[in-house]
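Each remark here refers to the structure printed beneath this line.
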Amino acid sequence: MTGVATRTIACAGGMPAFVAVPDAAARTPAVIVVHERYGLVRHICDLAERFARDGFVAIAPDLYFQHPDQAALHRGDAGCDVADPDAVVALGGAIDALHAIPQADTSRLAIMGIARPARLPLVVAAARPIAAALVWYGAAQPREWAVNAKYPRALDEIIAAVDCPVLGMFGETDHLISLDDVRRPARLSGAPRTELRHPRLRRRAARLAQRHHAGALPPRPGGGRPGPISARSCKRSWAPGHDRSNRIQRYAADIAADYDFSRNVRHE
């Protein structure tokens, strides 16, 4: 198992970030792990360390570090949001921090987003070149397609501007994201219900069997393997000769396809 060195750094604007670097002299791929709605909690740092053990330089920035009650935020008793343009600036600071790490090969940079902020890898990929966008349980609900102060650019325009491999992962028993929600951003060629297509992009959407919303990302040992799954997908997509026009849509689910997701209301 690869050894890992960890530390906390300050990015531009004073934003803290957890960094995990594999013990290797060679330059390795890099990944930004964007936290869930709870901010930068221990579990997100664990994910960064998993990536480092798989040979990635990982950085997990705290996008919500200015929230006044961090304890309530981490418990889920308080919420915090960052508008897309502000997130692009903040994640740009994380990318700059990676540039300063000798082992980080930022030409092979992936960004992973989880749940509510899962759209941010796509937002950044539409604004600047990255090597892969990893979307876990997000960028698929109807609210994501609204245009407002938080989302000033339409999601369909964002997706159309993305020119890198995209991995989308969703849970079978997720009561918040329906199969139709998943199919809409996946926009796979050959799928009649897909609304958008782009010949240069690789899209891979999957339903994880017996997983609820964020079910592969529990804050406890033994649940899910989002780091290794994402790492393997990146390495396959970056392999020489990989066909970037390839699109894959896989489902491993036993639930009824006609489940009425409109009945579900999330209280937070």
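The values are calculated or read from the model by the stated rules, or taken from the named source; none is laboratory data. What you are looking at is a predicted structure, and each value in this text was computed from that prediction instead of being measured. Glycine gets a Cβ as well: all are built from the backbone with ideal geometry, and neighbour counts include every protein chain shown. These area figures cover heavy atoms from the full protein model, side chains too; ligands, DNA and RNA do not enter into them. Shrake-Rupley method; radii C 1.70, N 1.55, O 1.52, S 1.80 Å.
Values as computed for the structure displayed
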quantity	calculated
Projected area, mean over directions - region 67-114, Cα convex hull, nm²	4.7
Virtual spin-label span in nm between Ser107 and Asp86, 7 Å along Cα→Cβ	3.6
Cut-off under 5 Å, modelled amide H: who pairs with Arg108 long-range	Ala30
Accessible area expressed per residue, region 15-101, with surrounding protein chains retained (probe 1.4 Å, Å²)	36
Gained length - Thr8 relative to Arg75, 0.36 nm times residue gap less alpha-carbon distance	22.0 nm
Amide H contacts of Val4 (H built 1.01 Å from N, under 5 Å, at least 5 apart or other chain)	Asp23
Two-site label geometry, Asp180 and Arg236: point separation in nm, points 7 Å out along Cα→Cβ	2.9
Portion, in percent, of the accessible area of region 2-76 that falls on carbon or sulfur, probe 1.4 Å	50
Assigned charges on the beta-carbon of Lys, Arg, Asp, Glu; region 11-95 dipole about Cα centre (debye)	240
Quarter of Cα convex hull surface for region 1-101, i.e. mean projection, nm²	6.3
Residue-wise HN-Hα coupling along region 32-41, computed from phi with Karplus coefficients 6.51, -1.76, 1.60 (Hz; x: Gly, Pro)	9, 9, 8, 5, 7, 5, 8, x, 7, 9
